[in-house]
Amino acid sequence: MAARKVKFTWTNYLIRLVFALVLVFATYNPSDWSYYHWVTAHSRFDVYVALCGVVLLIGWAIFLRATARSLGFIGTILAVSFFALLIWLIIDLFNVTSENLRLLVYLMLFGLAGVLSAGISWSHIRRRMTGQLDVDEADI
């Protein structure tokens, strides 16, 4: 049976970016509305906290594994470097000072989500640019 070809578009990338942002910001953010703050505010560990923790771990496992497999070590270093330099550029252009720690944390979280979304999308982007497929497992 022939596989159906699906074009990878900017919309596909933006969907992955939104999921990466949800994962990163649900785990931790400076607004006190995150899993980290929920766990540290509760005196007891209940089933809801455990369930949300497992769901977040599943999301992190999916994104980190896809990033590691599609980008590899050097590609991940390059993606981190790219987003770090992009953050530096924003800091430089808008004169963000180190006293505005909250904004710096938000920028770093956006950068992390950018790395994760690039990692989970890279196989599709590479196929679109070069025509080469990434194959991890063969159907037998």
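Throughout, read-outs are computed from the coordinates displayed, never taken from laboratory work. Quick caveat, the model's predicted, so the values are computed rather than measured. Because the Cβ atoms are built from the backbone with ideal geometry, glycine has one as well, and the counts that use them run over all protein chains shown.
Condition check: free of Cβ contacts under 8 Å to residues at least 40 places away in the same chain, part of a loop (DSSP other than H, G, I, E, B) and among the small types (Gly, Ala, Ser). Does SER81 satisfy that? Spelling it out, it is not the case that SER81 is free of Cβ contacts under 8 Å to residues at least 40 places away in the same chain, part of a loop (DSSP other than H, G, I, E, B) and among the small types (Gly, Ala, Ser).
So that you can scan it fast, the table gives a plain yes or no per residue for (1) farther than 20 Å from ASN12 by Cβ; (2) surrounded by 16 or more Cβ atoms within 10 Å (Cβ to Cβ):
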residue	(1), (2)
PHE63	no, yes
ARG69	no, no
ILE77	yes, no
ASN95	yes, no
VAL105	yes, no
LEU116	no, yes
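None of ASP46, ASP32 is of a type in the set (D, E, K, R), closer than 30 Å to ASN100 by Cα and loosely packed, with under 12 Cβ neighbours inside 10 Å except ASP32.
The residues of the range 15-53 that are closer than 19 Å to LEU112 by Cβ and of a type in the set (Gly, Ala, Ser), listed by number, are ALA20, ALA26, SER31, SER34, GLY53.
When the range 32-70 is filtered for residues that are more than 16 Å from PHE19 (Cα to Cα) and within 16 Å of the chain's Cα centre (by Cα), the ones remaining, listed by number, are ALA68, ARG69, SER70. Output yes when any residue across the range 62-83 is on the phi > 0 side of the Ramachandran plot and not charged (D, E, K, R), and no when none is. Yes.
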